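Student: Okay, here's the structure, questions in a sec.
Please treat every number below as a calculation from the coordinates, not as lab data. Quick caveat, the model's predicted, so the values are computed rather than measured. Note: ideal-geometry Cβ built from the backbone for every residue, glycine included; neighbour counts use all protein chains shown.
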Amino acid sequence: MGTVTIGVSIAVPEPHGSLLQQRRAGFGDAAAHGIPTHVTLLPPTEVDDSQLPAIEAHLAEVAAAGRPFPMRLRGTGTFRPLSPVVFVQVVEGAEACTWLQKQVRDASGPVARELQFPYHPHVTVAHGIDDAAMDRAFEELADYEAEWPCTGFALYEQGADGVWRKLREFTFGRAVVPPQGTPVDRDSLHSR
């Protein structure tokens with residue numbers, strides 16, 4: 001029995017994930033190669049490893065209640081001077097991320113916890129590096145844009161080497177809602 005450090009996040013898919021990870025490393029952020037590019041739903045949290053099955057069951061329930069949604073990143077932001085972070089902004093999908101992280105941290109669940117700062121979905125591209133490099137990250141990625149359909153999230157564990165590794169993916173359980181005005185095939189509704 002021991003403790004493990006876990007996190008829950010939405011992965012930024014390829015080619016965007018690798019590109020932003022390479023840019024983060026290029027700004028001098030030494031942690032970049034150990035952290036897959038992501039939007040956090042549960043920040044690093046220490047738990048007893050015997051809790052992992054209960055945590056996975058909880059996350060499966062959260063995913064089953066969720067449904068795919070569009071994610072769009074655009075432009076940069078920063079938490080400075082409060083926290084030494086430069087990030088790419090989530091301009092679409094933020095409400096869904098906020099809902100998901102509340103479900104993950106639900107007070108009745110196995111990973112209930114308070115946050116150090118109010119939740120703000122984002123993709124970190126520089127953390128804890130010198131101010132000139134932070135300014136460079138902020139300026140060079142100011143025009144960055146990416147979008148994809150978010151279909152789930154994953155549970156990660158931080159190894160003793162500081163590298164975050166995926167333990168399990170959780171795919172949303174509800175079907176995509178058809179766009180407004182889409183004709184409905186009445187026969188398929190009755191055949192269920």
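Student: Could you identify the single residue in Leu82, Leu42 that is farther than 22 Å from Ala137 by Cβ and either surrounded by 14 or more Cβ atoms within 10 Å (Cβ to Cβ) or not β-branched (Val, Ile, Thr) (or both)?
Tutor: Selected residue: Leu42, the only one of Leu82, Leu42 that is farther than 22 Å from Ala137 by Cβ and either surrounded by 14 or more Cβ atoms within 10 Å (Cβ to Cβ) or not β-branched (Val, Ile, Thr) (or both).
Student: Hey, another quick one. So which residues in region 7-17 are in contact (Cβ under 8 Å) with a residue 40 or more places away in the chain and either over 18 Å from Tyr156 (Cα atoms) or surrounded by fewer than 22 Cβ atoms within 10 Å (Cβ to Cβ) (or both)?
Tutor: Gly7, Ala11, Pro13, His16
Listed here are the residues, each with its yes/no results for (1) out of contact with any Gly (no Cβ under 9 Å at 6 or more places or on another chain); (2) over 18 Å from Val125 (Cβ atoms).
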residue	(1), (2)
Thr40	no, no
Thr45	no, yes
Pro53	yes, yes
Arg74	yes, no
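Student: Here is a follow-up. Within region 135-155, is even one residue in a loop (DSSP other than H, G, I, E, B), surrounded by 12 or more Cβ atoms within 10 Å (Cβ to Cβ) and among the charged types (D, E, K, R)?
Tutor: no
Student: For Leu20, indicate whether it is crowded, with 21+ Cβ neighbours inside 10 Å and either over 22 Å from Gln116 (Cα atoms) or among the hydrophobic types (A, V, I, L, M, F, W, C) (or both).
Tutor: yes
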